[in-house]
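Written below as structure tokens is the structure these notes are about.
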Amino acid sequence: YMEWAHATSKDLITWEEQPMSLYPDANGSMFSGCIVADTENTSGLFPNGKGGLVALLTADGNGQRVKIAYSTDEGMTWKKEDRVVADWEDDPLGNRDFRDPKVFRWENKWFMVIAGGPLRIYSSDNLLEWKCESAYPDLHTECPDLYPLRADDGTVKWVLSRGGRYYKVGDFAQKDGAWTFTP
């Protein structure tokens, strides 16, 4: 089984191992994911209203799904929510390979690229309820990332990293009412 390990450093050279952060649960092992700073408490998970860190992680068991955990102490400890926020069973492509969520904020909205095979792009206002914006059955990748870069002429281009080995450059915008990446 897989779990999320934890180490801390004051200089990024010397590391001290900490207790494991996230263990397998009824949904399976804890595969890859990402952590975002929910500084505006859009999730409502932070009672102090100041926000904190939210982890979106792949649970792997009988198909893959995305769960969340949150930290109020800068990542030292985590509380896993007993909810699935995105599930392969609701995937428009119906593919059980539904992993490696990478989340970013753009235009006052959260976006998640997810793959483990075909790429999908989801959106959310609160990190808890996700809607599929677009799916790409012929664009396969692992551990995707999608981020903007300003070109020399001042235009913004989007880079789709396909697991660090391959990439595509294009546009990320609403097209026919759905957020879409166009290489």
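The values are calculated or read from the model by the stated rules, or taken from the named source; none is laboratory data. Quick caveat, the model's predicted, so the values are computed rather than measured. Remember, those area values only see protein heavy atoms, side chains included, never the ligands or the DNA or RNA. Shrake-Rupley method; radii C 1.70, N 1.55, O 1.52, S 1.80 Å.
Tabulated results
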item: Rg/Rh for the range 39-93, where both radii come from Cα atoms and Rh is the Kirkwood radius; result: 1.05
item: Convex hull volume per residue for the range 31-123, taking Cα atoms only, in Å³; result: 93
item: Area accessible to solvent at Lys80, 1.4 Å probe radius, in Å²; result: 50
item: Dmax and Rg, reported as Rg then Dmax, of the chain (C-alpha, Å); result: 16.7, 51
item: Cα gyration tensor category, rounded, prolate or oblate, for the range 76-157 with a/c compared to 1.5; result: oblate
item: GNM flexibility winner over the chain from Glu40, Glu107, Glu142 (Cα, springs under 10 Å); result: Glu107
item: Per residue value of the accessible surface for the range 88-170 (all protein chains in place, 1.4 Å probe), Å²; result: 51
item: Accessible carbon and sulfur surface of the chain relative to its total accessible area, %, 1.4 Å; result: 49
item: Size of the range 1-59 as Cα extents on the principal axes (Å, biggest first); result: 36, 31, 16
item: Centroid-to-centroid separation of the range 110-160 and the range 30-44 [C-alpha atoms, Å]; result: 16
